[in-house]
Structure formats: C-alpha cells, structure tokens
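The values are calculated or read from the model by the stated rules, or taken from the named source; none is laboratory data. Note that the coordinates shown come from a computational prediction; the quantities given were computed from them, not determined experimentally. Because the Cβ atoms are built from the backbone with ideal geometry, glycine has one as well, and the counts that use them run over all protein chains shown. Heads up: the accessible areas ignore ligands, DNA and RNA and are worked out on the full protein's heavy atoms, side chains in. Shrake-Rupley method; radii C 1.70, N 1.55, O 1.52, S 1.80 Å.
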Amino acid sequence: MTFFQKLAWKLQQFMTGRRGADPLCMATMILGLILTLLGQIVNGVVGVILILLGYALYFYTFFRMFSRNWQAREKENQWFLSGWRPVCAWFRMRRTIWRDRKVYKYFRCPRCHDWQRAPRGKGKIQVRCRGCSQEFFQKT
C-alpha cells in the first residue's frame with residue numbers, strides 16, 4: 001500500500017460518522033473568505049474585526065464539518081436552505097426572464113401570483129393561469 005493510499009484510508013476512517021461539507025458549510029466558508037479579504041483591504045480596527053469574524057466563520061465551518069452530531073447539523077442546514085432556496089429561485093427566475101426577454105413576456109397571475117409567460121407581439125390576449133385556472137387579459 002502506497003503512502004497516499006494509507007493517507008486516504010486514514011482520512012476515510014476519520015470521517016466515518018461525520019457529516020462533511022454541506023451547503024451551509026460552503027456558504028460560511030465563502031462568507032469567511034469575503035470578510036477576511038475585506039479585512040485585508042480595510043485598515044484599522046474595523047479591518048481587524050472583519051478578519052477575526054472571518055476566522056470565526058472558518059472555525060465554525062470546520063466544527064460543522066467534523067461534528068459527529070449529524071442530526072443537529074442537518075437541522076441547521078435545513079434551516080439555512082429554507083431561507084436560501086427562495087433567494088436562488090428569485091435569481092433563477094430573473095435569469096430566465098433576461099434570457100427570454102426578446103421572445104416571451106413574463107407576468108404574474110393576479111390570483112395565485114404564479115409566473116406565466118406569453119409570446120411577445122401578440123397584443124392583448126386572454127391568458128389562463130396554469131396554477132389556478134384564472135382567466136385574465138394581458139398585453140404582450
């Protein structure tokens with residue numbers, strides 16, 4: 001067995017029962033990196049505080065990755081994802097609207113506020129919502 005195979009086996013044994021990296025770990029690591037870089041740019045006490053906050057986030061990230069209490073870490077991750085998923089969905093919808101801006105017009109249903117789309121250049125058309133079957137007129 002080579003040195004690297006032994007090292008990989010030891011690491012695998014160490015990580016047994018631990019959670020590893022999840023989306024909350026990635027977010028705290030990125031936020032820690034941003035705070036540390038901002039602390040390097042900003043001079044004085046504020047810079048030192050930003051660097052210390054970044055290091056604290058690094059510590060918290062590694063604590064979460066190596067913790068054996070995976071039920072608590074899963075609960076924390078689900079709490080984070082419950083707030084993060086709507087943010088991602090909002091940005092994803094904005095990207096779709098921007099990508100299709102010349103072909104489709106996007107709008108919301110007045111009753112259920114679900115996103116609808118219609119081809120541009122058709123004038124005023126009657127639209128039926130796919131979510132609640134509400135019919136309404138929309139200018140495209």
Listed by first then second residue, the pairs whose first member lies in the range 91-117 and is farther than 14 Å from residue 128 by Cβ and among the basic types (Lys, Arg), whose partner is at pLDDT below 90 and surrounded by 13 or more Cβ atoms within 10 Å (Cβ to Cβ), with beta carbons under 6 Å and at least 6 positions apart or on separate chains, are 105/140
Give just the number: which of (1) open to solvent by less than 50 Å² (accessible area, probe 1.4 Å); (2) in a strand (DSSP E or B) does residue 117 not satisfy?
(1)
Restricting attention to the range 3-47, which residues are surrounded by fewer than 11 Cβ atoms within 10 Å (Cβ to Cβ) and small (Gly, Ala, Ser)?
17, 44
Filtering the range 120-130 down to residues that are assigned to a loop (DSSP other than H, G, I, E, B) and either modelled with pLDDT of 95 or more or over 28 Å from the mean Cα position of the chain (by Cα) (or both) yields 120, 121, 122, 123, 129
Quick check on my filter: what residues within the range 81-110 are surrounded by fewer than 13 Cβ atoms within 10 Å (Cβ to Cβ) and over 19 Å from the mean Cα position of the chain (by Cα)?
98, 99, 101, 102, 103, 108, 110
Within the range 49-60, does at least one residue satisfy the condition of being among the aromatic types (Phe, Trp, Tyr), open to solvent by 100 Å² or more (accessible area, probe 1.4 Å) and either farther than 30 Å from residue 132 by Cα or over 22 Å from the mean Cα position of the chain (by Cα) (or both)?
yes
Take residue 72 and decide whether it is small (Gly, Ala, Ser) and either open to solvent by 60 Å² or more (accessible area, probe 1.4 Å) or not in a helix (DSSP H, G or I) (or both).
no
